[in-house]
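The values are calculated or read from the model by the stated rules, or taken from the named source; none is laboratory data. Remember, predicted model here, so these are calculated numbers, not experimental data. Don't worry about glycine lacking a Cβ; one is built from the backbone with ideal geometry, like all the others, and counts go over all protein chains shown.
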Amino acid sequence: MPPQESMDLEDLEGIGPKTAQLLKSKGILSIRHLALFNPEELIELTDMTPDRVEKILRSARDIVFGSNRVSRATDLAKNFEGIVRLKTNVRAIDELLQGGLEPKAIYEFAGEFGTGKTQLCHQLSVTVQLGQDRGVVLVVQLFTWILRSVLAK
């Protein structure tokens with residue numbers, strides 16, 4: 001159970017019994033729900049001061065979202081430096097993607113008729129059968145462009 005599930009609104013810094021009752025009367029029953037509000041909405045809903053709302057929201061978001069907050073691009077780039085990319089075994093594409101496909105990423109192949117989308121997907125279908133040490137691990141599903149062409153007929 002996430003920590004915020006076992007906590008009451010009064011457990012947050014800046015929220016006492018009266019404020020908790022006010023929030024509950026406005027339909028805000030959990031810390032998770034509170035963390036989703038923007039300051040302007042909460043000010044309008046509760047008539048609290050902007051400083052107080054900022055403090056309460058910061059406390060709620062720290063508990064709910066933890067360190068998943070806005071980061072600098074340079075800090076995020078450091079997180080991706082050590083990722084082993086999955087090779088497609090198509091040299092030009094691997095070079096374009098700076099070493100291959102990123103794990104846990106979603107890729108969409110789009111382009112005009114005859115540009116090689118089907119060929120690439122066929123190549124990936126074969127490559128996946130080579131195993132993780134020689135290629136990508138990929139599940140190829142229904143292609144939306146095939147579905148569109150069937151529906152268009």
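Can you work out which of the residues in the stretch 23-82 that are among the hydroxyl-bearing types (S, T, Y), at pLDDT 90 or above and exposed (fewer than 13 other Cβ atoms within 10 Å of the Cβ) is nearest to L97 (Cα to Cα)? Within the stretch 23-82, the match that is nearest to L97 (Cα to Cα) is T49.
Of the residues contained in the stretch 58-81, one or more are found to be closer than 23 Å to H33 by Cα, of a type outside the set (V, I, T) and in contact with an Asp or Glu (Cβ under 6 Å, 6 or more places away or on another chain).
Considering every residue within the stretch 106-115, establish whether at least one is at pLDDT below 90, surrounded by 13 or more Cβ atoms within 10 Å (Cβ to Cβ) and either over 26 Å from the mean Cα position of the chain (by Cα) or hydrophobic (A, V, I, L, M, F, W, C) (or both). Looking for residues that are at pLDDT below 90, surrounded by 13 or more Cβ atoms within 10 Å (Cβ to Cβ) and either over 26 Å from the mean Cα position of the chain (by Cα) or hydrophobic (A, V, I, L, M, F, W, C) (or both), one finds at least one in the stretch 106-115, hence yes.
Looking for something of a type in the set (G, A, S), part of a helix (DSSP H, G or I) and modelled with pLDDT of 85 or more - is there at least one such residue anywhere in the stretch 84-93? Yes, there is a match, as at least one residue in the stretch 84-93 is of a type in the set (G, A, S), part of a helix (DSSP H, G or I) and modelled with pLDDT of 85 or more.
Return the residue satisfying two criteria in turn: it lies in the stretch 85-95 and is surrounded by 10 or more Cβ atoms within 10 Å (Cβ to Cβ) and hydrophobic (A, V, I, L, M, F, W, C), and of such residues it is farthest from the chain's Cα centre (by Cα). This residue is V90. Any idea which residue in the stretch 21-38 is nearest to D62 (Cα to Cα), counting only those that are under 20 Å from the mean Cα position of the chain (by Cα) and outside any helix (DSSP H, G or I)? The residue in question is L36. Being in a loop (DSSP other than H, G, I, E, B), of a type in the set (V, I, T) and exposed (fewer than 15 other Cβ atoms within 10 Å of the Cβ) is not true of V126.
Only residues that are polar (S, T, N, Q) and either under 30 Å from H122 (Cα atoms) or touching a Pro at 6+ places or on another chain (Cβ under 7 Å) (or both) were counted in the stretch 49-105, giving 3. Please tell me if V70 is outside any helix (DSSP H, G or I) and within 30 Å of I15 (Cα to Cα). For V70, the condition - outside any helix (DSSP H, G or I) and within 30 Å of I15 (Cα to Cα) - is met.
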